[in-house]
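S.K.: Here it is, the structure, as structure tokens.
The values are calculated or read from the model by the stated rules, or taken from the named source; none is laboratory data. It should be emphasised that the depicted structure is a prediction, and the values quoted were computed from it without experimental measurement. When we count neighbours, we look across all protein chains shown, and the Cβ atoms used for this are built from the backbone with ideal geometry, even at glycine. Areas reflect the complete protein model, heavy atoms only, side chains present, ligands, DNA and RNA absent. Shrake-Rupley method; radii C 1.70, N 1.55, O 1.52, S 1.80 Å.
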Amino acid sequence: MGEKKCINANQILILTAFISIIIAENLTSDEQEFVGNILTVIGDNILLIQSINQQDEEDDEESDGKGSNNNDNIKDLQDQIDELKEYVKYLERRFNE
């Protein structure tokens, strides 16, 4: 059997620092702040979606499939993510000019 290779915490830290430097190096201070805030919001939304999904799974297990319905919340979050994606595309076009 093949051995499963995992990235360790130090490698993740180095990788994220490297990615951060690459993204930030050609941005102004205001643009760095904006992109950092966008990425933070995206991360927070992903964690919120994960939390909702996990709660739904737990509720389903406890109530034999009669868990709470969070589809509206997830749709709202997806709409926000889509808006952010469009804004990031706009920024990318602006930086490529």
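S.K.: How big is the shadow of the Cα convex hull of the chain, averaged over all directions, in nm²?
M.R.: Averaged projected hull area, Cα only: 10.2 nm².
S.K.: With the dipole of the chain worked out from charges on the C-beta (+1 for Lys and Arg, -1 for Asp and Glu) around the Cα centre, which of Q54, N96, N8 lies farthest toward the positive end?
M.R.: Working it through, the farthest residue towards the positive pole turns out to be N96.
S.K.: Can you work out the accessible area per residue across the chain, with the rest of the protein chains kept in place, probe 1.4 Å, in square angstrom?
M.R.: About 85 Å² of surface per residue is accessible.
S.K.: Under a cut-off of 16 Å between alpha-carbon atoms, report the aspartates and glutamates in cross-link reach of K89, not counting same-chain residues fewer than 8 places apart.
M.R.: E31, D79, E97
S.K.: With a length cut of 15 Å (Cα positions projected on each helix's long axis) and a Kyte-Doolittle mean of at least 0.5, go through the chain and give me the DSSP H helices that pass.
M.R.: Membrane-span-like by this criterion, though nothing is claimed about a membrane: 9-24.
S.K.: Quick one: pull the percent of accessible area on the chain belonging to carbon and sulfur, 1.4 Å probe, ligands and nucleic acids left out.
M.R.: Carbon and sulfur: 53 percent of the exposed surface of the chain.
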